[in-house]
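Nothing in this text is a laboratory measurement; each read-out follows from the coordinates by a stated rule. Everything quoted here is computed from the prediction, not taken from an experiment. Methodologically, a virtual Cβ is constructed for each residue, glycine included, from the backbone with ideal geometry; neighbour enumeration extends over all protein chains shown.
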Amino acid sequence: MNVLRVHLKGWTASFRYPGFAVGVHPSLPLPPLSTLYGLLSAARGELVTPRDTGLGFVFHSHGKGTDLETTYELSGTLQAGTNVIRREVLFEPELYLYVTNLSFADAFRQPYYPLVLGRSTELAQIIATEEVTLQKQSNVKLGHSILPFPQMQIYGSVHALPTHFTGDIPRRAVGTRPFLLVEDFQNYTDEVWVDMTQNWGVWIHEAKA
């Protein structure tokens, strides 16, 4: 299968943790699909959903820490107050994004909007964009990604995450269901798509009709 592989890097990244209430704002260790479809939407300049393309990814970061962030809170009288919160951030994120719709190559050559990995300040740089061929293979390393839950031979943390958001305001989460977040590489014995140049498996979340 031929796919578009987009290699991106950044200084920091953060991915909103579902169910957060109070305290330090934690980050998911891996981007949910909604973040990646948001990235594709920014590149193309219009809303992109799982109907437009399937995708897969491999994501790494080189550590994490806690940042201080000033927020502005509006009251019912539209008067703004400030608050300082602590937010977990991932350092030196690196993303290999695999897109099944090859027409997105033009969007990544000249993105319509800035590409970010989380907050609007967390800019991502495109390192390379190329068409590659994935092959089916068994007994490969698979991970640093999210997979549908459940999986019988691979483990990770389970979170209920949306696949994408609507384009209207306020935005609504769509396709929320359990996903398995796999933070390391593990041996996967069944057949899966493999990027032979990187020697790792790629779980492709297929486009939805």
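Listed here are the strands (runs of 3 or more DSSP E) enclosed by the range 111-209 that have at least 2 residues being touching a strand residue (DSSP E or B) at 6+ places or on another chain (Cβ under 8 Å), of a type in the set (D, E) and closer than 25 Å to L8 by Cα: 124-133, 177-188. Scanning the range 31-72 for residues that are β-branched (V, I, T) and within 11 Å of T163 (Cβ to Cβ) yields T35, T49. Strands (runs of 3 or more DSSP E) fully within the range 12-99 that include at least 3 residues being closer than 25 Å to V202 by Cβ, touching a residue at least 12 places away in the same chain (Cβ under 8 Å) and within 13 Å of the chain's Cα centre (by Cα): 55-60, 94-99.
In the range 140-153, the residues that are without any contact (Cβ under 8 Å) to a residue 40 or more places away in the chain reach residues that are not in a strand (DSSP E or B) with C-beta atoms within less than 7 angstrom, at least six apart or across chains, in these pairs: Q153/T189. Just one residue in the set S41, S61, S75 is among the polar types (S, T, N, Q) and either crowded, with 21+ Cβ neighbours inside 10 Å or in contact with a Lys or Arg (Cβ under 6 Å, 6 or more places away or on another chain) (or both); that residue is S61. Take T133 and decide whether it is out of contact with any Phe, Trp or Tyr (no Cβ under 6 Å at 6 or more places or on another chain) and farther than 23 Å from N199 by Cβ. Answer is no for this residue. Of the listed requirements (1) surrounded by 13 or more Cβ atoms within 10 Å (Cβ to Cβ); (2) of a type outside the set (G, A, S); (3) out of contact with any helix residue (DSSP H, G or I) (no Cβ under 7 Å at 6 or more places or on another chain), T129 misses just one: (3).
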